[in-house]
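In what follows, a single structure is set out as structure tokens and then discussed.
The values are calculated or read from the model by the stated rules, or taken from the named source; none is laboratory data. Here the structure is a predicted model, which is why all the values come from computation and not from measurement. Virtual Cβ from ideal backbone geometry, glycine too; neighbours counted across all protein chains shown. These area figures cover heavy atoms from the full protein model, side chains too; ligands, DNA and RNA do not enter into them. Shrake-Rupley method; radii C 1.70, N 1.55, O 1.52, S 1.80 Å.
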2 protein chains.
Amino acid sequence: MTEHGTGRRGQHRRAAPTMKHVAALAGVSVMTVSRALATPDRVSPEALEKVRRAVLQTGYVPDRNAGALSSQRSHIVALTLPTLANGNFADLAEGISDILLPAGYQPLIGHSGHSLEKEEELVRIMLARRPDAFVLVGTTHSRETSRLLHASGITVIETWEYTDNPVDLCVGFSNRRAGELAAEHLAGLGHRQLAAIGGSLDDTLKDYRGEQRLRGFRDAARRLGLPDPVILREAVVPIRHGQGAGTMARLLDDHPGASAVFAISDTMAFGAMMECQRRGIAVPRQLSILGFGDFDIAGQCLPGLSTISVDPVAMGRMIGDRILERMAGSAPRSEETAPRIVLRHSTSAPPGA
Amino acid sequence: MTEHGTGRRGQHRRAAPTMKHVAALAGVSVMTVSRALATPDRVSPEALEKVRRAVLQTGYVPDRNAGALSSQRSHIVALTLPTLANGNFADLAEGISDILLPAGYQPLIGHSGHSLEKEEELVRIMLARRPDAFVLVGTTHSRETSRLLHASGITVIETWEYTDNPVDLCVGFSNRRAGELAAEHLAGLGHRQLAAIGGSLDDTLKDYRGEQRLRGFRDAARRLGLPDPVILREAVVPIRHGQGAGTMARLLDDHPGASAVFAISDTMAFGAMMECQRRGIAVPRQLSILGFGDFDIAGQCLPGLSTISVDPVAMGRMIGDRILERMAGSAPRSEETAPRIVLRHSTSAPPGA
DNA sequence: TGTCAACGTGGTATCGATACCATGATCTGG
DNA sequence: CCAGATCATGGTATCGATACCACGTTGACA
């Protein structure tokens, strides 16, 4: 009687215990078990205790996929990141998890390698798990990605970049504003000839958000009456293997006039600093360097790297909160967060000032 | 007719299209649709074409959870990492994904924050999704974790640390061996008084694998006839916020005799190098520093950090391959991978040599 | 030309849970 | 003391897919 019925479905691996097993052991119906686990206050204390014991004894873990099928709520939240190997995105994911896991939601993480095609593929695969919400990094997506998400009819949250016209909801900062902030900070220190180093524009691996930062940087410089910044780009996406050293070398060789450099990411900024060290250029006395991202390394290197922080953990938590609100039936609003300067010791007034 | 039956289950959000919708549109049965998607070669070309068109038109994405319930194979692989904010683990996850995703498996990633209690909680939550396989980092788990995994009867792969007695399968390296390698390298350069810096032994956040490395380091030094290495530990888990600078300062103050330092992670090694730079101690001329992990930063800093690499991407792919083999019915074997030294410029012969 | 295998297709039961409804027991109030 | 509400519980249908079986068609071969 405690064995499963016909066993027709072939010889699978030893099956995990089901609610039916627990119910039989506890001497109650499966419905009572279901309620005991989901809404304990609607079950008598005695029944609850019997169920509790049976669960412990069997090592029962409910099958949430089956539950999802029945209730039409999977309690899964999909999350597509460009890559895991970037502290900021990892932090974002951890922030989201911190909020969602205790609330009974399971984050499902994927990485697209900065490619819109891979993102689309990923979205398709993840939609097959019927998430209750979908978090996307960035606001640039393929046409088909948008169509799929729209057809699925689920909550979509775009992040890492603020937009006034989100697909659905948006929690993010303005990359353009981050760039402006960088220019304003450097100009405020007295620098006039600015420079910036960023990622390239390969066809398939565009760094959309980095470009936004560069644009904001240039526009702010113009607005402040400075000459147009020198802007150099590397041949690859800057995060990870883009060290910035090569670009910095080009900058130093070809544009010796610049007294301050904004790097599109801390990784590049660090590489740039190393190139300076190699050449015996003192940072910040001879050259100021400003990064972006506030990665761990920014606080550890010498001199400490001044950078722009967007607090990804906080952003992740905000996203988690928005999702829970939406799941609870309320209508949360999009939110723009503010990037802020973290001052350390890699920026100062220009040499002759 | 194309509308769903009773609609009894309340007013949900706009529902995603189902196989029934596709079947109706294509003018075939749901079984034919199912086969068209799963085993196209068992369906006539005409039917296949009709289904294909209907799928495109509806934007249909199959519900893999429902499929999993029916077929008893979820095509989910659970993966518990200590943290995402560690390049090595992120690489491991990407390596696994690279293999599994194209094969139709979905990695489900969680992070335990180095805590066995959180790992257990995570395992429980992930088991609720009925993964076909479970990948765990490390070989130390709570009693209940082991019980749950055992009761579930699924494939378990332990990694990041090799053991002869795995729960099920193991793909990893010997942390002890990594430590030995470090001592052998430094001894081979002519160093006699070695030192090592590592993570602390808090009660809940033990760095088990780091301790193994330290043990291997000490044992190898003894075996080589060197005096016992000085071993200092930080008060927190070394990765991420453990910069190593403080420990290095203690080492320089209290044990000036050591000419070479092995750091339990590149993060600490980098902090140690910065402390040396701060004090004007030349690396490697006055002091050799050897790291572990071959993080990106090791190749970027000055001098380049000599370190021990365990090639996490390759390990991840190996894990993915093992899982696929197991799923295909064969019986893959555990595998021990070999850590190897990556020589850069932070280690050399000791000062007086 | 008849027999049998292979092939393409559809019907039905089922996976493990929850929604909804029905039932009987207990409680509350006039 | 009984009507109506509340509570605890169980039975049944169902979520969206696949496993298994059954059937009709076609083609190969003797």
* Structure fact -> Measuring from its Cα centre, the stretch B:210-286 shows a charge dipole (+1 at each Lys and Arg Cβ, -1 at each Asp and Glu Cβ) which, in debye to the nearest 20, is 120 debye
* Of B:87, B:320, B:199, the one that fluctuates the most in a GNM where chain B has Cα springs shorter than 10 Å -> B:87
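So if I place +1 on the C-beta of Lys and Arg and -1 on the C-beta of Asp and Glu, and nothing else carries charge, what would the dipole magnitude of the stretch B:175-309 be about its Cα centre? I want it in debye, nearest 20.
Once rounded to the nearest 20, the dipole reads 260 debye.
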* To do: Have a look at B:257, B:126, B:277 and report the one farthest towards the positive end of the charge dipole of chain B, computed about the Cα centre with Cβ charges (Lys/Arg +1, Asp/Glu -1).
  => B:126
* Chain-alone versus full-assembly comparison, the stretch A:147-166, residues with accessible loss of at least 50 Å² (1.4 Å probe) -> A:147, A:151
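Hey, any idea what Rg/Rh is for the stretch A:1-159, computing Rh the Kirkwood way over Cα pairs?
1.09
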* Nm distances between the label at residue B:15 and the same-position labels in the remaining copies, 7 Å along Cα→Cβ, shortest first? -> 2.7
* **Per residue accessible area of the protein assembly as shown, 1.4 Å probe, in Å²** => 42 Å²
* List the residues of the stretch B:260-289 that lose 10 Å² or more of accessible area once all protein chains are present, compared with their chain alone (1.4 Å probe, heavy atoms only, no ligands or nucleic acids). => B:267, B:270, B:274, B:277, B:278
* Structure fact -> Output row for residue A:30: copy-to-copy label distances, label 7 Å along Cα→C-beta, ascending, in nanometres, one decimal, is 1.7
* Structure fact -> Quick calc, the protein assembly as shown, dipole around Cα centre from Cβ unit charges on Lys, Arg (+) and Asp, Glu (-), nearest 20 debye, gives 1360 debye
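With an 8 Å Cα cut-off and a minimum separation of 6 or more residues, compute the relative contact order for chain B in percent.
Working: 682 pairs, mean separation 53.1, N = 353.
Computed over chain B, the figure is 15 percent.
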* Which residues of the stretch A:98-143 bury at least 40 Å² of accessible area once all protein chains are present, versus their chain alone (1.4 Å probe)? -> A:101, A:106, A:108, A:109, A:111, A:125, A:128, A:129, A:130
* Treat each spin label as a single point 7 Å out from the Cα along the C-beta direction, and report the residue A:41 to residue A:219 distance in nm. => 5.1 nm
* Asked: Summed for both chains, how many Å² of accessible area, to the nearest 100, are buried between B and A with a 1.4 Å probe?
  -> 6100 Å²
* Alpha-carbon Debye profile of the stretch B:56-145, log10 I(q)/I(0) at 0.12, 0.14, 0.23, 0.24 Å⁻¹ -> -0.42, -0.55, -1.15, -1.20
* On the accessible surface of chain B, probed at 1.4 Å, how many percent belong to carbon and sulfur atoms? -> 51 percent
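Dividing the alpha-carbon Rg of the stretch B:175-309 by 2.2 N^0.38 Å yields what? Each step should come with its number before you reach the end.
Details: Rg = 13.2 Å, N = 135, 2.2 N^0.38 = 14.2 Å.
Relative to the 2.2 N^0.38 Å estimate, the stretch B:175-309 comes out at 0.93.
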* Asked: Looking at B:138, B:62, B:89, which one has the Cα that reaches farthest to the positive end of the dipole of the stretch B:1-142 (charges on Cβ: Lys, Arg +1; Asp, Glu -1)?
  -> B:62
* **Calculated P(r) of the protein assembly as shown - Cα pairs past 42 Å, %** => 34 percent
* Asked: Which whole-number percent of Cα pairs in the stretch A:117-176 have a distance greater than 17 Å?
  -> 33 percent
* Local net charge near residue B:332, Cβ-Cβ under 11 Å (Lys/Arg +1, Asp/Glu -1) -> -1
* **Which listed pairs, of B:20/B:50; A:20/B:118; A:20/A:50, have C-alpha distances above 24 Å, in listed order** => A:20/B:118
* To do: Please report, in cubic angstrom per residue, the volume enclosed by the convex hull of the alpha-carbon atoms of the stretch A:235-318.
  => 94 Å³
* Asked: Toward the positive end of the charge dipole of chain B, about the Cα centre and with charges on Cβ (Lys, Arg +1; Asp, Glu -1), which of B:287, B:31, B:309 goes farthest?
  -> B:31
* **Antiparallel content of DSSP bridges confined to chain B, in %, to 5** => 10 percent
* Under-5 Å amide H pairs with residue A:155, H placed in peptide plane, nonlocal only -> A:134
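Eigenvalues of the Cα gyration tensor times 5, then square-rooted: what semi-axes does that give for chain A, in whole angstrom, largest first?
Square roots of five times the eigenvalues give 52, 19, 19 Å.
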* Structure fact -> Helix-only [θ] at 222 nm, chain A, -39500 (n - 2.57) per DSSP H run of 4+, per residue, nearest 500, equals -13000 deg cm²/dmol
